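First the structure, in the form of C-alpha coordinates, and then the observations on it.
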Amino acid sequence: MMEKEECLICKAPLVYLQQDEIMECALCHKREPSKTRCVNGHYVCNECHTKGMDSILSLCLQETSKNPVQILQKLMAAPFCHMHGPEHHVMVGSALLTAYHNAGGELNLPEALAEMQSRGRSVPGGACGFWGACGAGISAGMFVSIASRSTPLSTEPFGLSNRMTARALEKIGEIGGPRCCKRDSFLSVLAAADFARENLGVEMETEEVVCAYSQQNSQCIGRRCPFHR
(Lines give C-alpha, C1' and ligand atoms only; values in the text may rest on other atoms or scores of the structure.)
Protein backbone atom coordinates (compact mmCIF):
# COMPACT_ATOMS: atom_id res chain seq x y z
CA MET A 1 0.00 0.00 0.00
CA MET A 2 1.29 3.45 -0.92
CA GLU A 3 2.21 5.76 1.93
CA LYS A 4 0.06 8.85 2.28
CA GLU A 5 1.98 12.05 1.59
CA GLU A 6 1.73 15.03 3.89
CA CYS A 7 4.84 16.48 5.56
CA LEU A 8 7.94 15.77 3.44
CA ILE A 9 9.98 15.33 6.63
CA CYS A 10 7.82 13.11 8.86
CA LYS A 11 4.64 12.40 6.79
CA ALA A 12 2.48 13.99 9.53
CA PRO A 13 -0.64 15.98 8.53
CA LEU A 14 -0.22 19.59 7.43
CA VAL A 15 -1.70 22.62 9.17
CA TYR A 16 -2.79 25.69 7.20
CA LEU A 17 -2.82 28.93 9.19
CA GLN A 18 -4.87 32.05 8.49
CA GLN A 19 -1.95 34.40 9.18
CA ASP A 20 1.71 34.19 8.20
CA GLU A 21 4.22 33.03 10.77
CA ILE A 22 8.01 33.06 10.45
CA MET A 23 9.02 29.49 9.63
CA GLU A 24 12.44 27.88 9.29
CA CYS A 25 12.81 25.40 6.45
CA ALA A 26 13.75 22.00 7.87
CA LEU A 27 16.02 21.35 4.87
CA CYS A 28 17.86 24.58 4.05
CA HIS A 29 17.15 26.49 7.33
CA LYS A 30 15.97 29.59 5.46
CA ARG A 31 13.54 31.64 7.53
CA GLU A 32 10.55 33.22 5.84
CA PRO A 33 6.82 33.90 6.42
CA SER A 34 4.43 31.07 5.62
CA LYS A 35 1.00 29.75 6.52
CA THR A 36 1.93 26.07 6.19
CA ARG A 37 3.63 23.61 8.51
CA CYS A 38 2.99 20.09 9.74
CA VAL A 39 1.51 19.25 13.13
CA ASN A 40 5.03 18.49 14.36
CA GLY A 41 6.24 21.94 13.35
CA HIS A 42 8.18 21.04 10.19
CA TYR A 43 8.22 23.55 7.34
CA VAL A 44 9.67 23.03 3.84
CA CYS A 45 10.10 26.10 1.62
CA ASN A 46 8.91 26.17 -1.99
CA GLU A 47 12.49 26.05 -3.30
CA CYS A 48 13.30 22.85 -1.41
CA HIS A 49 9.89 21.35 -2.14
CA THR A 50 10.44 21.74 -5.88
CA LYS A 51 14.10 20.69 -6.00
CA GLY A 52 14.74 18.89 -9.28
CA MET A 53 11.90 20.62 -11.09
CA ASP A 54 14.35 22.04 -13.67
CA SER A 55 14.23 18.59 -15.29
CA ILE A 56 10.74 19.43 -16.61
CA LEU A 57 12.33 21.28 -19.53
CA SER A 58 14.52 18.38 -20.66
CA LEU A 59 11.73 15.85 -20.14
CA CYS A 60 9.32 17.88 -22.26
CA LEU A 61 11.86 18.48 -25.02
CA GLN A 62 12.17 14.69 -25.42
CA GLU A 63 8.41 14.29 -25.84
CA THR A 64 6.70 13.59 -29.16
CA SER A 65 3.20 13.10 -27.72
CA LYS A 66 0.33 15.40 -28.68
CA ASN A 67 -1.51 14.36 -25.52
CA PRO A 68 -1.04 16.71 -22.54
CA VAL A 69 -2.61 14.17 -20.17
CA GLN A 70 0.06 11.60 -21.03
CA ILE A 71 2.83 14.18 -20.72
CA LEU A 72 1.48 15.40 -17.39
CA GLN A 73 1.32 11.84 -16.06
CA LYS A 74 4.97 11.29 -16.99
CA LEU A 75 5.94 14.47 -15.16
CA MET A 76 3.90 13.37 -12.13
CA ALA A 77 5.89 10.11 -12.09
CA ALA A 78 9.24 11.95 -12.00
CA PRO A 79 11.19 11.94 -8.70
CA PHE A 80 10.77 15.68 -8.10
CA CYS A 81 6.96 15.52 -8.04
CA HIS A 82 5.08 15.01 -4.78
CA MET A 83 1.40 14.30 -4.16
CA HIS A 84 0.79 17.99 -3.61
CA GLY A 85 2.95 21.03 -4.18
CA PRO A 86 3.79 24.06 -6.31
CA GLU A 87 5.58 21.93 -8.90
CA HIS A 88 2.11 21.39 -10.42
CA HIS A 89 1.95 25.12 -11.17
CA VAL A 90 4.74 24.58 -13.71
CA MET A 91 3.86 21.06 -14.84
CA VAL A 92 0.37 21.86 -16.14
CA GLY A 93 1.49 24.66 -18.45
CA SER A 94 4.60 22.73 -19.53
CA ALA A 95 2.59 19.66 -20.52
CA LEU A 96 0.17 21.85 -22.47
CA LEU A 97 2.89 23.82 -24.26
CA THR A 98 4.63 20.59 -25.26
CA ALA A 99 1.49 18.88 -26.57
CA TYR A 100 0.42 22.10 -28.31
CA HIS A 101 3.78 22.34 -30.08
CA ASN A 102 3.74 18.67 -31.06
CA ALA A 103 0.19 19.05 -32.41
CA GLY A 104 1.27 21.85 -34.75
CA GLY A 105 1.03 24.93 -32.55
CA GLU A 106 3.56 27.56 -33.53
CA LEU A 107 5.98 28.43 -30.74
CA ASN A 108 9.64 28.11 -29.80
CA LEU A 109 9.28 25.25 -27.34
CA PRO A 110 12.56 25.66 -25.38
CA GLU A 111 11.88 29.37 -24.88
CA ALA A 112 8.23 28.72 -24.02
CA LEU A 113 9.12 26.07 -21.42
CA ALA A 114 11.74 28.31 -19.84
CA GLU A 115 9.17 31.10 -19.57
CA MET A 116 6.66 28.66 -18.07
CA GLN A 117 9.21 27.73 -15.40
CA SER A 118 9.73 31.39 -14.55
CA ARG A 119 6.04 32.24 -14.36
CA GLY A 120 4.85 29.05 -12.69
CA ARG A 121 7.44 29.25 -9.92
CA SER A 122 5.98 32.61 -8.88
CA VAL A 123 2.70 30.97 -7.80
CA PRO A 124 3.21 29.65 -4.25
CA GLY A 125 1.88 26.50 -2.69
CA GLY A 126 -1.52 26.97 -1.09
CA ALA A 127 -2.73 29.49 -3.69
CA CYS A 128 -5.83 27.33 -4.23
CA GLY A 129 -7.04 28.05 -0.71
CA PHE A 130 -5.50 31.42 0.08
CA TRP A 131 -5.74 33.26 -3.27
CA GLY A 132 -9.05 31.82 -4.45
CA ALA A 133 -7.26 30.71 -7.62
CA CYS A 134 -5.66 27.27 -7.91
CA GLY A 135 -2.13 27.34 -9.32
CA ALA A 136 -2.98 24.52 -11.74
CA GLY A 137 -5.75 26.64 -13.28
CA ILE A 138 -3.48 29.69 -13.38
CA SER A 139 -0.86 27.53 -15.13
CA ALA A 140 -3.37 26.70 -17.87
CA GLY A 141 -3.93 30.42 -18.34
CA MET A 142 -0.16 30.92 -18.54
CA PHE A 143 -0.07 28.30 -21.31
CA VAL A 144 -2.48 30.34 -23.44
CA SER A 145 -0.71 33.58 -22.52
CA ILE A 146 2.66 32.19 -23.67
CA ALA A 147 1.24 30.48 -26.77
CA SER A 148 -0.59 33.66 -27.85
CA ARG A 149 2.28 35.99 -26.82
CA SER A 150 -0.03 37.97 -24.57
CA THR A 151 1.09 41.06 -22.67
CA PRO A 152 -0.85 43.48 -20.45
CA LEU A 153 -1.29 45.64 -23.57
CA SER A 154 -2.62 42.88 -25.82
CA THR A 155 -6.21 42.77 -27.03
CA GLU A 156 -7.32 39.29 -28.12
CA PRO A 157 -4.48 37.33 -26.41
CA PHE A 158 -5.20 39.17 -23.14
CA GLY A 159 -8.84 38.11 -23.32
CA LEU A 160 -8.03 34.54 -24.35
CA SER A 161 -5.58 33.89 -21.52
CA ASN A 162 -7.95 35.27 -18.89
CA ARG A 163 -10.84 33.25 -20.31
CA MET A 164 -8.67 30.13 -20.17
CA THR A 165 -7.85 30.68 -16.51
CA ALA A 166 -11.51 31.32 -15.79
CA ARG A 167 -12.58 28.10 -17.52
CA ALA A 168 -10.03 26.00 -15.63
CA LEU A 169 -10.93 27.58 -12.29
CA GLU A 170 -14.63 27.02 -13.02
CA LYS A 171 -13.99 23.30 -13.50
CA ILE A 172 -11.95 23.18 -10.29
CA GLY A 173 -14.54 25.18 -8.36
CA GLU A 174 -17.40 22.94 -9.49
CA ILE A 175 -15.79 19.99 -7.71
CA GLY A 176 -14.84 21.92 -4.60
CA GLY A 177 -12.30 21.07 -1.93
CA PRO A 178 -10.28 19.97 -0.17
CA ARG A 179 -7.43 20.48 -2.58
CA CYS A 180 -5.93 17.74 -4.68
CA CYS A 181 -3.11 18.88 -6.94
CA LYS A 182 -3.53 15.84 -9.19
CA ARG A 183 -7.30 16.33 -9.67
CA ASP A 184 -6.96 20.07 -10.28
CA SER A 185 -4.09 19.53 -12.73
CA PHE A 186 -6.06 17.00 -14.78
CA LEU A 187 -9.14 19.24 -14.79
CA SER A 188 -7.03 22.18 -16.00
CA VAL A 189 -5.28 20.23 -18.76
CA LEU A 190 -8.53 18.80 -20.12
CA ALA A 191 -10.18 22.24 -20.06
CA ALA A 192 -7.18 23.73 -21.87
CA ALA A 193 -7.20 21.06 -24.59
CA ASP A 194 -10.83 21.91 -25.36
CA PHE A 195 -10.06 25.64 -25.22
CA ALA A 196 -7.10 25.31 -27.62
CA ARG A 197 -9.23 23.43 -30.14
CA GLU A 198 -12.01 26.01 -29.95
CA ASN A 199 -9.94 29.19 -29.86
CA LEU A 200 -6.41 28.48 -31.11
CA GLY A 201 -7.21 26.01 -33.87
CA VAL A 202 -4.88 23.32 -32.49
CA GLU A 203 -6.21 19.81 -31.86
CA MET A 204 -4.38 18.13 -29.03
CA GLU A 205 -5.13 14.53 -28.11
CA THR A 206 -6.76 13.61 -24.80
CA GLU A 207 -7.87 10.47 -23.01
CA GLU A 208 -9.94 9.36 -20.05
CA VAL A 209 -8.14 9.98 -16.77
CA VAL A 210 -8.20 7.29 -14.09
CA CYS A 211 -6.55 8.45 -10.88
CA ALA A 212 -3.73 6.33 -9.47
CA TYR A 213 -3.02 8.58 -6.47
CA SER A 214 -5.97 8.08 -4.13
CA GLN A 215 -3.99 6.03 -1.62
CA GLN A 216 -1.38 8.81 -1.34
CA ASN A 217 -3.92 11.55 -0.67
CA SER A 218 -5.19 11.87 2.89
CA GLN A 219 -7.97 14.19 1.69
CA CYS A 220 -9.11 12.19 -1.35
CA ILE A 221 -12.78 12.97 -2.00
CA GLY A 222 -13.45 9.54 -3.50
CA ARG A 223 -16.46 9.22 -5.77
CA ARG A 224 -16.97 12.98 -5.82
CA CYS A 225 -13.82 13.17 -7.97
CA PRO A 226 -14.46 12.67 -11.72
CA PHE A 227 -11.26 10.62 -12.00
CA HIS A 228 -11.93 8.22 -9.13
CA ARG A 229 -12.48 4.57 -10.04
Subject >> Cβ-Cβ under 8 Å pairs, at least 6 apart or on other chains, the range 7-22 side more than 13 Å from Gly125 (Cβ to Cβ), far side open to solvent by 90 Å² or more (accessible area, probe 1.4 Å) and acidic (Asp, Glu) >> reply: Lys11/Glu3
Original post:
Taking Gly125 and the conditions (1) in a loop (DSSP other than H, G, I, E, B); (2) free of Cβ contacts under 8 Å to residues at least 60 places away in the same chain; (3) closer than 24 Å to Val15 by Cα; (4) open to solvent by 20 Å² or more (accessible area, probe 1.4 Å), which numbered condition does it fall short on, given that it satisfies the others?
Top reply: (2)
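Quick grid of which residues meet (1) open to solvent by less than 30 Å² (accessible area, probe 1.4 Å); (2) aromatic (Phe, Trp, Tyr); (3) touching a Gly at 6+ places or on another chain (Cβ under 9 Å):
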| residue | (1), (2), (3) |
| --- | --- |
| Ile146 | yes, no, yes |
| Arg149 | no, no, no |
| Thr155 | no, no, no |
| Ser161 | yes, no, yes |
| Met164 | yes, no, yes |
| Ile172 | yes, no, yes |
| Arg179 | no, no, yes |
| Phe186 | yes, yes, no |
Original post:
Which of the residues belonging to the range 1-41 are under 30 Å from Ala212 (Cβ atoms) and open to solvent by 60 Å² or more (accessible area, probe 1.4 Å)?
Top reply: Met1, Met2, Glu3, Lys4, Ile9, Lys11, Pro13, Tyr16, Leu27, Arg37, Val39, Asn40
**OP:** Could you list all residues from the range 86-114 that are small (Gly, Ala, Ser), in contact (Cβ under 8 Å) with a residue 60 or more places away in the chain and open to solvent by 10 Å² or more (accessible area, probe 1.4 Å)?
**Re:** Ala103, Gly104
Original post:
Mind checking whether some residue in the range 207-226 is buried (at least 17 other Cβ atoms within 10 Å of the Cβ), under 20 Å from Tyr100 (Cα atoms) and either of a type in the set (Ser, Thr, Tyr) or in contact with a strand residue (DSSP E or B) (Cβ under 6 Å, 6 or more places away or on another chain) (or both)?
Top reply: no
**OP:** Report, by residue number, each residue of the range 174-213 that is over 17 Å from the mean Cα position of the chain (by Cα), in a helix (DSSP H, G or I) and either charged (D, E, K, R) or closer than 25 Å to Leu8 by Cα (or both).
**Re:** Glu174, Asp194, Arg197, Glu198
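The values are calculated or read from the model by the stated rules, or taken from the named source; none is laboratory data. In this text the structure is predicted, and so the values were computed from the model without any measurement. Every residue, glycine among them, receives a Cβ derived from its backbone with ideal geometry; neighbour counts consider all protein chains shown. Just the protein is used for accessible areas: all its heavy atoms, side chains included, with ligands, DNA and RNA removed. Shrake-Rupley method; radii C 1.70, N 1.55, O 1.52, S 1.80 Å.
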